[in-house]
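The values are calculated or read from the model by the stated rules, or taken from the named source; none is laboratory data. Just so it is clear, the model here is predicted, and its values are computed rather than measured. Here the Cβ positions follow ideal geometry from the backbone for every residue, glycine too, while neighbour counts run over all protein chains shown.
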Amino acid sequence: MQRIRSDYLYDSTVTIFLIGLYSAESWGQHEQRFIKRELQASLYTTTAHSKNGILGIVLPDMQDRVYGGTYQCYSCGNSHNSVKINTETTISEFSYNYYLPNGKCSHTEDERYCVLTSWEDFAEAPDGFIEQAFEKRTAPIARHTKVRP
């Protein structure tokens, strides 16, 4: 992991993770080894490099699998957006750091390390999403990330 960080990601600050049909943990360890290693290295902090911000972009063929509309929460009674980030849609390094354990029924943007957007929204304003992921590197939530959930 340190070698990937120092040899390939040494001058990067944001890692973009394209969420498509073959980016799920459920595909298996061997199939996802390169994606997993790059995200693990991106979340790894060394003395020479801080961790990268992580930006997940949902590709059009995954839109319906990830974004499920809204639902009524049984815990708090409020309406929440259904965003299915789990082992069926992404690898665990992304899903864990998107849904960092908070003991609540939902997450605010400040309670997530990973940034998520659709391909269409990213295409309209890429700089804003990249900047948002970049800023997460020094936000308080950065202290709660895990390299290997």
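Considering only segment 58-75, I want to know if a residue exists there that is in a strand (DSSP E or B) and over 21 Å from Glu109 (Cβ atoms).
For segment 58-75, residues in a strand (DSSP E or B) and over 21 Å from Glu109 (Cβ atoms): present.
Any idea how many residues of segment 110-129 are touching a residue at least 12 places away in the same chain (Cβ under 8 Å) and either acidic (Asp, Glu) or loosely packed, with under 11 Cβ neighbours inside 10 Å (or both)?
3
Could you check His49 against (1) modelled with pLDDT of 85 or more; (2) surrounded by 16 or more Cβ atoms within 10 Å (Cβ to Cβ) and say which number it fails?
Answer for His49: the failing condition is (1).
Evaluate the following for Asn86: is it out of contact with any strand residue (DSSP E or B) (no Cβ under 6 Å at 6 or more places or on another chain) and surrounded by 13 or more Cβ atoms within 10 Å (Cβ to Cβ)?
Against the criterion (out of contact with any strand residue (DSSP E or B) (no Cβ under 6 Å at 6 or more places or on another chain) and surrounded by 13 or more Cβ atoms within 10 Å (Cβ to Cβ)), Asn86 qualifies.
Going by the conditions given, is Ser42 at pLDDT below 95, under 18 Å from the mean Cα position of the chain (by Cα) and either crowded, with 20+ Cβ neighbours inside 10 Å or not in a loop (DSSP other than H, G, I, E, B) (or both)?
In short, yes.
Quick check: anything in segment 130-138 outside any loop (DSSP other than H, G, I, E, B) and buried (at least 20 other Cβ atoms within 10 Å of the Cβ)?
Yes, segment 130-138 contains at least one residue that is outside any loop (DSSP other than H, G, I, E, B) and buried (at least 20 other Cβ atoms within 10 Å of the Cβ).
What residue, of Ala123, Ala142, is assigned to a helix (DSSP H, G or I), of a type outside the set (Lys, Arg), over 21 Å from Lys84 (Cα atoms) and touching a Phe, Trp or Tyr at 6+ places or on another chain (Cβ under 8 Å)?
Answer to the selection: Ala142.
Looking only at segment 58-78, decide whether some residue is touching a helix residue (DSSP H, G or I) at 6+ places or on another chain (Cβ under 6 Å), buried (at least 17 other Cβ atoms within 10 Å of the Cβ) and within 16 Å of Ser12 (Cβ to Cβ).
Checked segment 58-78: no residue is touching a helix residue (DSSP H, G or I) at 6+ places or on another chain (Cβ under 6 Å), buried (at least 17 other Cβ atoms within 10 Å of the Cβ) and within 16 Å of Ser12 (Cβ to Cβ).
One line per residue, one yes/no per condition, for (1) farther than 26 Å from Lys146 by Cα; (2) touching a Lys or Arg at 6+ places or on another chain (Cβ under 7 Å):
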| residue | (1), (2) |
| --- | --- |
| Thr45 | no, yes |
| Leu59 | no, no |
| Val66 | no, yes |
| Gln72 | yes, no |
| Glu88 | no, no |
| Asn102 | no, no |
| Cys105 | no, no |
